[in-house]
Structures are given as C-alpha cells and as structure tokens.
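Report on the following structure.
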Ligand SMILES: Nc1ncnc2c1ncn2[C@@H]1O[C@H](COP(=O)(O)OP(=O)(O)OP(=O)(O)O)[C@@H](O)[C@H]1O
Ligand SMILES: [Mg+2]
C-alpha cells in the first residue's frame with residue numbers, strides 16, 4: 001500500500017507513529033506519472049522498491065518472527081505467542097499483550113519509514129528499543145498477505161487491517177483484547193524466487209526457534225510460546241531470574257553442571273552471562289549467543305575474545321558454549337549498520353574487547369580452580385566423555401607445518417609391531433618395522449572405529465545394541481527440529497532414537513561401541529554434526545556424524561588402559577586403512593627413525 005495512492009490509509013498521522021515519508025515529495029507519485037524521460041534510466045515503481053527493500057530485511061520465515069517479536073517486546077509485552085501454520089511455514093502469527101495501537105497507528109504502521117521509536121538523529125544516543133527504522137512491517141507486508149488486529153489498553157474497541165502485497169485492502173473497527181496480533185500468510189507469494197532459496201521446513205523451523213530462544217534469553221521476564229501446526233515447540237513461562245530462563249532454554253542439567261557465571265563491569269562496559277567449562281566445547285559456534293544492550297548480534301571481536309579466553313584450553317576447531325550480554329551506553333554503539341540489525345559497531349571496540357577477554361578469562365580460570373579441587377589429580381580409568389579429556393591443547397602452539405616435520409606418517413598395514421609402553425596415559429610407544437612410533441591413543445582408536453562404522457553404514461549393517469535403561473535427552477527446540485528430521489539417518493548409523501514430547505527424545509539403542517558413552521555430551525555433538533553434514537548438502541556417507549560417533553566411542557587421552565588393550569589397539573590401527581590421521585584430520589602417529597635418533601644423539605653427522 002505504501003504510496004500506492006489508492007489506499008484507505010487516513011491522511012492524518014497517528015498519535016505515536018511519525019510518518020516520515022509524508023515529508024518527501026508525493027510518495028509514490030512517480031509511480032503513476034513518471035517524469036517524461038528520453039534516457040534509459042527510470043524510477044522504479046514503489047511496489048518494486050518495497051519488494052527490493054524487503055529482500056534485505058526479510059530473508060526467510062525466521063526474519064518475520066524476529067521482526068514481529070521485536071515489535072512486541074518494544075511494545076512492552078509480558079507474553080508473546082507465536083503460531084506457525086502450514087508445514088512450509090508460509091503462515092506466521094504473533095500475538096502480544098503489549099500496549100497495542102490505535103486504529104490510526106495501525107494503518108500507518110505498514111507505511112515505509114513510519115515509526116514511533118525515533119524522531120530525529122539524536123534519539124540514537126538514547127535508543128532503548130529494538131526497532132527504529134520503520135521498515136519491518138512494510139517489508140513483511142510487501143512479500144505476503146497480512147491481517148493485523150490491535151487495541152490499546154482501555155480502548156472501547158480495536159481495529160483490524162488487511163493488506164495484500166503491501167496494499168491496504170481494508171481497515172475496520174473490531175472487538176479485540178488489548179495488545180496486537182499480526183498474522184502473516186502466503187509469505188513470499190509475491191517473490192517466488194525467494195522461496196526457492198529456503199531450506200527444508202525443519203531447517204526453517206529451527207531458525208525460528210533460534211530467534212525465539214535468543215530473545216527469550218535476553219528477556220527472561222517475558223513469557224514465550226510457539227506452536228507449529230498446533231504442536232507446542234516452545235513454552236517458556238516468564239522466569240524469575242536469568243538463570244531460570246537459561247535452564248528453560250538449555251535444560252537444567254547443563255546449567256547446573258557445566259556453565260560458569262560471567263560478570264564484570266569495567267568503565268562503561270558491563271559483561272554478564274555464562275560460558276561453559278572447556279569440556280563442553282562444540283565443533284561449531286552454534287552454542288554461542290551474544291547480545292548488545294539486549295539485542296542479539298554478532299561481532300568479530302566476540303569471537304576473538306572467546307578464542308583468547310579459552311586459547312590454550314581447547315583443541316583447534318572447538319568452541320565453548322557462551323551466552324554473553326554486553327551492556328554499553330547507547331551512545332557507545334551504532335546499531336544502524338546492518339539491514340536486519342544483526343550487527344553493531346562499537347565507538348570504543350578495544351574497551352569492549354578488553355572487558356570481554358577479562359570477564360571470560362576470569363570465569364574460565366575460576367572453573368578450573370573449582371575443578372582442580374573437586375577432581376583427583378590422576379583421573380581414574382573411565383570410558384566417559386572424550387571432550388573432557390580431549391579438550392587439552394594437544395597441538396596448541398604447534399603449526400600444521402611443525403606437526404608434519406615432527407614426522408607424522410601412516411602406519412604401514414600388516415607390519416611387525418612391538419608394543420613398548422604408554423606415556424602420559426595418552427601416547428602409545430611402539431616399534432613398527434624397526435622405527436619408533438608415538439601413537440595418540442584417542443586419534444588411533446577414533447580412526448579404527450570410524451572405518452568400522454563406515455563399513456557397517458556402507459554395507460547397511462546396523463550393529464546397534466539396546467540400552468538397558470533407555471536414555472531420555474532434552475534438546476533446545478532448534479536442535480530438536482534438526483534431530484526430528486533425521487531420525488532415519490540416525491537409525492542407519494545405529495542410533496535408535498524416538499521423539500518423546502516436544503523437545504525430548506528417547507535413545508533406545510546405540511552402536512555397541514557407544515554403550516558406555518556420555519550421552520549428554522554426545523547428543524550436542526551429534527546435532528552439530530548433523531547440521532554440518534546438512535550444510536554440505538547431506539554428503540553420503542554422513543562423514544561428520546560417523547566421525548562424531550567414533551570420537552565419543554574412542555578411548556580418551558589420559559585413560560588408563562591394560563597392556564593387552566593397548567597392544568590390541570596397535571594391532572587394529574595398523575590393520576586399518578587411512579590411518580595417518582583421525583577422522584578430524586589430526587595425526588595418529590609420529591615417527592622417529594633410527595637415523596633421526598642417531599642424529600639427535602650426535603652419533604651421525
Ligand atoms: N506489536 C506491536 N505493538 C504495538 N505497536 C507496534 C507493534 N508492532 C508495530 N508497532 C508500531 O508500528 C511501528 C512500525 O513497526 P515497524 O516494525 O515497521 O518499525 P519499527 O519497529 O519502528 O522499526 P524497525 O523497522 O527497525 O523494526 C512501530 O514503530 C510501532 O509504533
Ligand atoms: Mg520493528
């Protein structure tokens with residue numbers, strides 16, 4: 001409807017909404033009567049301008065949810081309910097109990113550059129709202145059909161508007177509860193090209209859940225629900241504390257056992273939140289959520305700060321879980337740098353970096369002191385979580401080149417082999433064909449198991465073993481969606497898992513080698529792997545998934561092993577193909593030839 005001249009939008013500005021487009025010369029005037037031109041350049045019609053602009057803001061169904069939820073939060077809502085209609089997610093309704101809009105405001109809200117949140121540039125200095133551009137609603141409207149109902153608290157009645165492709169079809173008074181409901185249907189009906197780029201329904205649903213989880217983390221006081229085709233996917237009642245909300249989103253176990261509180265105030269920067277003990281590191285950064293003044297955003301300095309804080313405590317390619325809220329005065333941050341408002345620019349980035357590095361570094365050291373006291377110096381033999389032990393910086397500070405020079409080689413298949421001993425409960429020493437080999441017991445076992453699992457998968461053999469007590473696992477909704485879509489694939493690799501309520505699953509059987517694994521750690525890793533495999537267009541075989549299972553089933557660094565088990569592992573690894581590296585690419589063995597040793601001892605020149 002924006003500027004289309006045929007709308008029923010009242011000409012007078014609403015009580016709160018400033019129609020900034022009114023100050024431009026005849027909005028849309030050029031559409032009906034473009035200036036006579038002899039050249040090739042012409043002004044685009046408004047409807048097309050709006051769709052192009054919408055393309056930047058509304059990329060996928062989750063963008064609609066993000067914008068509508070942000071509007072509800074800005075309106076002071078205490079609860080926000082999201083209803084997702086068809087399987088393909090082309091219908092989305094968001095209801096709130098916020099302050100609502102008058103009929104005039106409701107009509108104006110869908111005009112481009114109509115906002116109640118800023119009036120001039122100086123407002124950015126004290127911006128306290130998530131929205132400020134007056135672009136979201138017109139952008140959504142340009143690519144969908146909309147029905148919106150709103151009523152202000154205490155008003156005798158509310159109003160309903162309907163729009164199609166941005167054109168206002170109807171506005172009428174109606175009975176309505178205080179607050180606002182915006183129903184978006186036929187999303188991208190007017191931009192079919194955009195539809196083609198969308199992923200599967202469950203991937204889109206997972207993005208929507210991520211958006212809701214982020215806002216829920218930022219606003220524990222607000223209740224959130226989401227239903228998909230009538231099924232509850234998110235139910236977060238208002239929480240009394242941020243920790244309670246964190247537990248609603250990530251599950252109580254994780255919060256109680258594995259997350260460390262972060263808190264620091266340095267000059268104008270405040271950092272709060274949680275980060276994980278290094279052992280909860282994941283293969284992707286999906287477990288990291290960053291907020292600036294309550295706005296979920298990303299910024300390269302966040303990644304640097306977290307990498308720095310955990311630098312020597314994690315293997316390369318592993319990322320801790322972190323939910324971090326940065327607060328700075330609004331004048332210290334520019335929020336107007338990204339079309340979907342997903343990025344910010346800091347006036348003094350060094351101050352923020354320093355505060356973050358200090359806050360996270362201090363939290364991590366605190367967790368290590370706690371653990372050092374709580375755990376024995378020599379870990380007992382266990383078949384537990386590999387990420388716990390493997391999170392030691394095996395190659396920290398060593399470049400890939402240096403590793404190669406250190407003599408990383410494949411172990412010859414079928415050689416004579418003599419087991420010599422174990423060093424640091426991690427490295428097996430062996431004589432293989434007259435050379436000294438130092439073998440990483442975890443990497444070696446991982447390769448052995450990976451090749452076995454791969455062979456089973458390729459031959460469609462399912463070697464699963466029922467668990468004596470089926471394990472129930474709870475996942476955050478975005479991850480639950482990723483799992484729900486891939487139950488068959490998991491079954492193909494030997495993991496029998498069934499949905500059990502909205503966000504829970506029951507694991508009934510697993511590959512025999514995984515019976516002893518720590519499922520709480522493995523489930524997260526599995527989801528990362530599924531998503532990473534999916535991002536690579538579901539490769540056959542599912543490399544990352546198999547590698548993750550192998551990693552969790554393998555013996556760990558610092559795990560006590562019987563001499564016989566170590567010899568057996570050596571025999572297995574030399575009989576395994578591709579044994580130069582583990583499935584993640586780390587070397588399995590380093591070699592010292594006799595010549596190397598003699599040179600090192602000065603016996604040869
Ligand atoms: N749920 C809601 N409750 C009350 N008012 C709303 C709601 N949604 C939108 N509005 C009003 O409509 C106006 C336009 O919303 P829109 O999302 O298009 O712009 P914005 O939030 O001001 O800025 P941005 O484009 O950055 O989101 C808002 O400024 C607000 O006054
Ligand atoms: Mg908005």
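Tabulated data for the structure shown
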quantity: Relative contact order %, the range 486-605, counting alpha carbon pairs below 8 Å whose residues are six or more apart; calculated: 14
quantity: Potential lengthening between residue 594 and residue 351 on full extension [0.36 nm per residue; Cα-Cα distance subtracted]; calculated: 82.1 nm
quantity: DSSP bridge pairs, the range 258-372: antiparallel proportion in percent, nearest 5; calculated: 75
quantity: Spatial separation of Cα centroids for the range 195-224 and the range 144-189, in angstrom; calculated: 23
quantity: Cα shape, the range 49-236, gyration tensor, a/c 1.5 rule; calculated: rounded
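Rule-based calculations on the coordinates, nothing more; no lab input. Predicted model, so just to flag it, every value in this text is computed and none were measured.
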